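What follows draws every value from the coordinates through simple rules; no lab data is involved. Bear in mind the structure is a predicted one, so any value in this text is a computation, not a measurement. Here Cβ is always computed from backbone atoms with ideal geometry, including for glycine, and neighbour counts include all displayed protein chains.
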Amino acid sequence: MNKDLSRRGFLSQSLTGVSAAWISAHWPAMLSAAVHAQKARSGAPAKLDFFSPEQAAEIGAVTARIIPTTDSPGAHEAGVIFFIDRALVTFAKDDQKTYAQGLPELQAKARELFPSVAKFSGATAEQQDQILQSLDEQSPAAGSRRSRRSTAAQSFFETVRVHTIMGFLIDPDSDKRGNHDGVGWRVIGREPEHMFRPPFGYYDKDYPGWQSNPPDSEKSKS
Amino acid sequence: MTLDQPKYKTTDEVDFVIIGSGAAGGILAKELSGNGFRVVVLEQGPYLTEKDFVHDEIKVLNQDLLTNHPDLQPTTFRKTPQDKAKPQRALVYGRLVGGTSTHFTANFWRFHEIDFIERSKVGPIAGATLSDWPITYGDLEPYYTKVEWEIGVSGLAGASPFDPPRSKPYPMPPLPVKSSGVIFERAARKLGWHPFPAPMAILSEPRPGRSACINCGFCLGFGCEVGAKSSSLATAIRIAEKTGRCEIRPNSYVHRIELDAKGRAAGAVYFDAERNVQRQRAKAVVVCANGAETPRLLLLSANKRFPDGLANSSGYVGKNLMLNSGGVTTAVFDEPLNDYKGFAVSRILHDFYELDADKVGFHGGGGLDARFDMTPIGFALGNLPPGSPRWGKAFKEVLSHNFTRTCEIFGHGTSLPVESNSFSLDADLKDAWGLPALRLTYKDHPDDLKLTAWLNARSAELCDAAGAKKMWAPPVQEQQFAVHLLGTCRMGNDPKTSVINPDHRTHDVKNLFLCDGSSLVTSGRGQPTMTIEALAFRAADRITALAKRGDLPT
């Protein structure tokens, strides 16, 4: 329904509603953002800045259990590992140590539970889930409204969990290499556009328009 | 856009230096420069514009692109003055040109008549310093109308039977209804309540240089990339700059107001971007730095004449802080609402604005709104039902089912003023510039907590009536994080129990004015920015009149 409403589409079709001044003031920035996003998508395969390929395989396997590939894409298809790799040399530098220390612990835990398993990524999905279960200390509970303001995740598992969710759901147009091709948004049902027109959802699609509240002379006071 | 801006020298004695460029500062800059005065606005944050307003949740929310940064400006919290304050993130505000109006939800409720005369109407309340305003709703009404028309507020006049009188309709129709709004409207009517289209400071129709809302869905916490959100940045500041008499000077962190030998404000001392100390001279100083930073600046400006803080002979600077009470009930429905599209709120109700204390057993009142103000990462980390799986296949299932089917009912209510609730200077902790950090002291008045629980119960009734499949609300708790920053330099006629007079002039310093959330005497029912902006328009008229009749020292 909104497929034609890309942000660039918006610019060209909104000339009637928006002043020319607005267009000229914002066109270059919008254009460059669009080009940048295009480049990021079609560019060469992402290279690793922090992890070795072996480390990336291990952490990538963890992310793929946090948001598994099912009948819909998961962390793997969203390229979460590339998001985390870049995060660790940019905004999440402080977490480098958590990963450096956590990875050997992960592998030790894997060997402890499954002596025949050499690497986490070599375990079966069921084994991997058991390993992660034992690492998951159930630290911060869900439901705290302000938790999104804090990235101060402490344990290794909690850090990877938060980073995986971020990498799965970040705006794919950002420079963070996450949510590749917008697959994360597709999974949660968020359409890829950044502009929408009503009706938005099921309950407003047959809304008849505003009608006054039924007359009742008394202002009800409790 | 800065082509027309003059560059004043710090040694030029401009007419006004305004500290802070947010909801109040932006409007005062527009009005005073429009009235012919030479104005410098000192803003501690950067000058960002639409091209900077990305939808990257990590950059904007987690890294505080638009807000005060806890590493640079750490804070402390304690419940009462007897407690030792602990380092803790205690508040958030917009720290950029445009201030908090740049990233707010944009609910623009007018206060009602009761908010100005509550003390007379209900009498004293134990444990509260409740006081009448020295002005009435009628005094402010023309300025509410001015905000709606000049800044741009969408809404429907007459839709709520509880609305106070107004002299003009809204300048533009309400924003489109969201699914959460339809659910809310139908359920509320079932219960005999009176829902109505939310008044929002977001354009439903384009204005010169600004687009109507494009419903991008990155609204609360984000800057608007098309200028549809009626922030000071998108509105007043641009007009102020066009006068050719107003300079917006970003990255200017004011930490002292200096007095001359006669005890008059001589200008503002600030750190520039390179942390060099600068002094801007001015004939008068207007502080609009918000309800936390305004009292902090006065306390930082203590001197021989005012050892307890500038303009603080009352001892009230920083005190009587009100944060507004409020509770959130989250609900999940059968079909997709897709409430991630669009601004946050499309329907509200004010049936509970004035509760009868004899019936409910506490003082206060509030309103409800239906909203979805979460963005994808924040939602996945914080808004699934309690006890939901946190990773794995089951997590993915509940996340993908709920994201489009969730909304919130938000209860907004009174905070009673309590003298010890305050912003003050921490004795130990310093910010990155070496200045004493803000210390929040706050313990909700017991009535505020009862009100929150009462409103939560109404939200639950509403979700039930709406046929919610699942709903939950966190337990009512004492607040320890500040968003609305109100009452800390309150307005009044008595210099012993207020900091500014009805002209926004400090009782103690003739050419020092304060206007922002700190000026409020009561907290209203949860949406203060509209009133802050109306006060700013009114303050500009008062200050202009004083200056024109020669009542400001020159």
#### Entry: Helical contribution to [θ] at 222 nm, DSSP H n ≥ 4, -39,500 (n - 2.57), averaged over chain B, rounded to 500
-6500 deg cm²/dmol
## Note on the structure
Kirkwood Rh over alpha-carbon pairs of chain B plugged into Stokes-Einstein at 10 °C, 1.306 mPa s gives a D in µm²/s of 67
#### Entry: Likely footprinting exposure, B:401, B:103, fewest C-beta neighbours within 10 Å first
B:401, B:103
### Query
In Å, what is the Rg of the alpha-carbon atoms in region B:360-446, and how long is Dmax?
20.0, 51
### Degrees between helix B:179-190 axis and first principal axis of chain B (Cα, 0 to 90, nearest 10)
70
### Ratio of Rg to Rh over region B:1-128 (Cα coordinates, Kirkwood Rh, two decimals)
1.06
### Task
Let me see the pair-distance distribution of region A:53-188: every alpha carbon pair, 10 Å bin width, integer percents in order.
12, 43, 37, 7, 0
### Task
Report, in debye and to the nearest 20, how large the dipole of region A:53-188 comes out about its Cα centre when Lys and Arg carry +1 and Asp and Glu carry -1 on their Cβ.
400
### Query
What is the mean projected area of the alpha carbon convex hull for the protein assembly as shown, to one decimal in square nanometres?
32.6
### Summary
Between the alpha carbon centres of region B:291-366 and region B:463-491 the gap in Å comes to 10
### Message
What does the structure give for B:396-404 when I average, per residue, the other chain Cβ atoms found within 10 Å of the residue Cβ?
### Response
5
### Task
Hey, could you get me the Stokes-Einstein D for region B:417-503, Kirkwood radius over alpha-carbon pairs, 4 °C and 1.567 mPa s, rounded to whole µm² s⁻¹?
78
#### Entry: Listed peptides B:472-485, A:110-123 by packing density, highest first (mean Cβ within 10 Å)
B:472-485, A:110-123
### Query
So how far apart, in nm, are the two label points at residue B:205 and residue B:273 if each is 7 Å from Cα heading toward Cβ?
4.0
### Message
With the crude spin-label approximation of a point 7 Å out along Cα→Cβ, what separation in nm comes out for residue B:191 versus residue A:181?
### Response
4.6
### Task
Can you put A:195, A:166 in order of Cβ neighbours within 10 angstrom, beginning with the fewest?
A:195, A:166
### Query
In the structure displayed, which of A:97/B:84; B:341/B:396; B:84/B:304; B:146/B:359; B:84/B:319; B:9/B:304 lie more than 26 Å apart, Cα to Cα?
A:97/B:84; B:84/B:304; B:146/B:359; B:9/B:304
